Amino acid sequence: MTQSVGVFVGSLRRGSYTRQVAHVLAELAPSSLSLEIIEIGQLPLYNPDLDGDDPPAAWTAFRSRVKALDALLFVTPEYNRSIPAPLKNALDVGSRPSKKSVWDGKPGAVVSVSPGAVGGFGAHHHLRQVLAHLNVSTLAQPEIYLGGVADLLDESGALVKDSTRAFLTKFLVTFAAWIERNPAPARS
Ligand code: FNR
């Protein structure tokens with residue numbers, strides 16, 4: 001059975017390296033996984049005052065889309081040693097109303113990306129902290145801190161090195177096995 005994996009990209013920037021990496025991951029994924037980017041840039045900032053009987057349509061559509069997924073893949077840059085605000089906003093939107101979080105119990109994985117040498121380590125672990133609270137079963141290993149990303153991609157967004165391709169392929173195969181072992185709860 002093909003598992004549907006929602007890919008959440010932390011950058012809204014045109015020409016984002018992170019989005020290019022997300023596309024590479026979708027291409028390298030084993031046939032048991034179907035990766036699709038779930039857009040987050042259109043979500044209004046989370047405000048509990050708006051979350052009554054008639055919440056913003058973009059929140060409702062996003063929650064339904066996430067609820068239908070088998071697994072979650074977060075691909076994020078680092079902003080000031082943490083996750084970019086749009087990604088945190090998407091996590092907050094999906095986490096409410098209370099006890100109706102659409103993240104709950106789903107298997108997930110994190111890839112952090114940076115042109116810098118540290119590979120988004122700070123963002124990566126802030127994100128893992130949030131996912132632990134949201135009861136996402138996050139793959140522990142291999143950890144992917146993709147540093148120096150500008151040198152890993154060519155102008156078309158393709159990977160330059162076979163070693164990066166092999167590393168990311170191994171990660172995706174491990175993630176596929178993780179999803180099999182930690183299935184999302186039945187949807188209600
Ligand atoms: C950054 N950048 C950055 N990089 C990093 O490695 N650690 C950091 O803490 C930060 N902080 C930061 C804050 C803000 C507000 C911006 C706009 C940028 C640089 C960042 O990694 C770089 O712009 C990447 O290219 C962003 O990813 P995308 O948009 O290419 O996917």
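Scanning the range 60-80 for residues that are of a type in the set (D, E, K, R), free of Cβ contacts under 8 Å to residues at least 60 places away in the same chain and open to solvent by 60 Å² or more (accessible area, probe 1.4 Å) gives a single hit, Arg65.
Okay, residues lined up against (1) under 20 Å from Gly157 (Cα atoms); (2) in a helix (DSSP H, G or I); (3) within 12 Å of the ligand (Cβ to nearest atom):
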position	(1), (2), (3)
Leu12	yes, no, yes
Leu35	yes, no, no
Trp59	no, yes, no
Ser64	no, yes, no
Val75	yes, no, yes
Val93	no, yes, no
Ser98	no, no, no
Asp104	no, no, no
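Only one of the listed residues (Ala85, Ala117, Ala109, Ala140) is without any contact (Cβ under 8 Å) to a residue 12 or more places away in the chain and either crowded, with 21+ Cβ neighbours inside 10 Å or under 20 Å from Arg165 (Cα atoms) (or both). That residue is Ala140. Filtering the range 14-33 to residues that are near the ligand (Cβ under 9 Å from one of its atoms), in a loop (DSSP other than H, G, I, E, B) and open to solvent by less than 30 Å² (accessible area, probe 1.4 Å) leaves only Ser16. A search for C-beta distances below 7 Å between a residue of the range 10-29 that is among the aromatic types (Phe, Trp, Tyr) and any residue that is open to solvent by 40 Å² or more (accessible area, probe 1.4 Å) and within 7 Å of the ligand (Cβ to nearest atom), counting only pairs 6+ apart in sequence or on different chains, returns Tyr17/Pro115.
Of all the criteria given as (1) assigned to a loop (DSSP other than H, G, I, E, B); (2) open to solvent by 50 Å² or more (accessible area, probe 1.4 Å); (3) within 15 Å of the ligand (Cβ to nearest atom), the one not satisfied by His125 is (1).
The values are calculated or read from the model by the stated rules, or taken from the named source; none is laboratory data. As the structure is a prediction and not an experimental result, all values here were calculated from the model. No Cβ is skipped: glycine too gets one built from the backbone with ideal geometry, and neighbour counts run over all protein chains shown. Heads up: the accessible areas ignore ligands, DNA and RNA and are worked out on the full protein's heavy atoms, side chains in. Shrake-Rupley method; radii C 1.70, N 1.55, O 1.52, S 1.80 Å.
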